[in-house]
Amino acid sequence: MTKPNPMLQRLETERFILKPLGRIEAYRVGRANWNHDPEIMRNLVHSSRPLGRLKWLKKMVWVNGKSKFSHAIVPKDGGPAIGIHGVTLQKHRSAVLVVAVHDRQWWGRKVVAEVRRAIIDHAFERQVVDRFCCTVQARNTASVFNYKKLGFKHVGTLHQAQYDPDSGELFDTLIFELLRADWDKQRENRS
Ligand SMILES: CC(C)(COP(=O)(O)OP(=O)(O)OC[C@H]1O[C@@H](n2cnc3c(N)ncnc32)[C@H](O)[C@@H]1OP(=O)(O)O)[C@@H](O)C(=O)NCCC(=O)NCCS
């Protein structure tokens, strides 16, 4: 019998339970909370326009049990999920990260740093990957700060590479990378 992927594990941080999501739940939580939130949509898919069901299923459900894994971010002191964190495994032991926190009460409260630290620790410890490589819109200041804070290195910029159909704006994409060796060094410095 094959062992379940370690990314299907339930994790815990100081303030949150990170609960692995199935496809249906990921669809339901994401679509109910993001599709009509222009700020979230703009940052996730470049345009603030809501997506239809099929497109949602194709693009926004970061779960397939093999290479895409999502965790609901659930506060330990009760209440529903406040967001979802996703990991997509890629070739050569690499992975991409994505996150959305839809509950505005939690913005500015360092949710992403806490959740991502636990996910990255787990993925490296369980030998899931050796590297994270993530792209982010240069205009998404909070995300850029979060990558820097977690020790990701800015390794490139794709200039004017993406188009926002609502504003007609062309914008840059930044590429951030984190290697296992750099993460280990950071951990040593923290302890
Ligand atoms: C991205 C997202 C999850 C960030 O949430 P968050 O971590 O609560 O964001 P914060 O407001 O705490 O910002 C993170 C950091 O960026 C800094 N920051 C944010 N906007 C800033 C600005 N305009 N100028 C300077 N710093 C800024 C904050 O001060 C914070 O740093 P700190 O923790 O040292 O105080 C949330 O904005 C979201 O869900 N956005 C929509 C989806 C999305 O963009 N996903 C990411 C794409 S992968």
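Read-outs: derived from the displayed coordinates by stated rules, not from any lab. No experiment lies behind these values; they were computed from the predicted model shown. Please note: Cβ atoms are built from the backbone with ideal geometry, for glycine as well, and neighbour counts cover all protein chains shown.
Which residues in segment 1-41 place their backbone N less than 13 Å from a point set 7 Å from the Cα of Asp77 along the Cα-to-Cβ direction? Only 15-16 pass the distance filter. Between Trp62, Trp34, Trp107, the residue with the greatest mean-square fluctuation in the GNM of the chain (Cα pairs under 10 Å linked by springs) is Trp107.
So for segment 1-121, averaging the separation of alpha carbon pairs under 8 Å that are six or more residues apart and normalising by length, what relative contact order in percent results? If you can, show how the numbers build up before the last one.
Details: 180 pairs, mean separation 30.2, N = 121.
About 25 percent, as a whole number.
Quick one: net charge of His71's neighbours, Cβ under 12 Å, K/R +1, D/E -1? Before the final figure, lay out each step's value.
Details: positive: Arg10, Lys19, Lys68, Arg116; negative: Glu12, Glu25.
Cβ neighbours under 12 Å give a net charge of +2.
Potential lengthening of the chain between Glu12 and Gln160 amounts to 49.4 nm, from the contour at 0.36 nm per residue minus the alpha-carbon distance.
Working from label points 7 Å from Cα in the Cα-to-Cβ sense, the Ser67 to Glu169 distance is 3.2 nm.
Rounded, prolate or oblate, given the Cα gyration tensor of segment 36-123, with a/c below 1.5 counting as rounded? Don't skip to the answer; put the middle values down first.
Numbers: a/c = 1.71, a/b = 1.01, b/c = 1.69.
Oblate.
The alpha carbon centroids of segment 130-167 and segment 96-129 are separated by 15 Å. Couplings 3J(HN,Hα) of segment 130-140, computed from phi: 10, 7, 10, 9, 10, 10, 8, 5, 4, 7, 8 Hz, in residue order, whole Hz [Karplus 6.51 cos²θ - 1.76 cosθ + 1.60, θ = phi - 60°; x for Gly and Pro]. Please grab the % of Cα pairs in segment 6-190 that end up more than 23 Å from each other. Taking all Cα-Cα pairs of segment 6-190, the fraction more than 23 Å apart is 42 percent.
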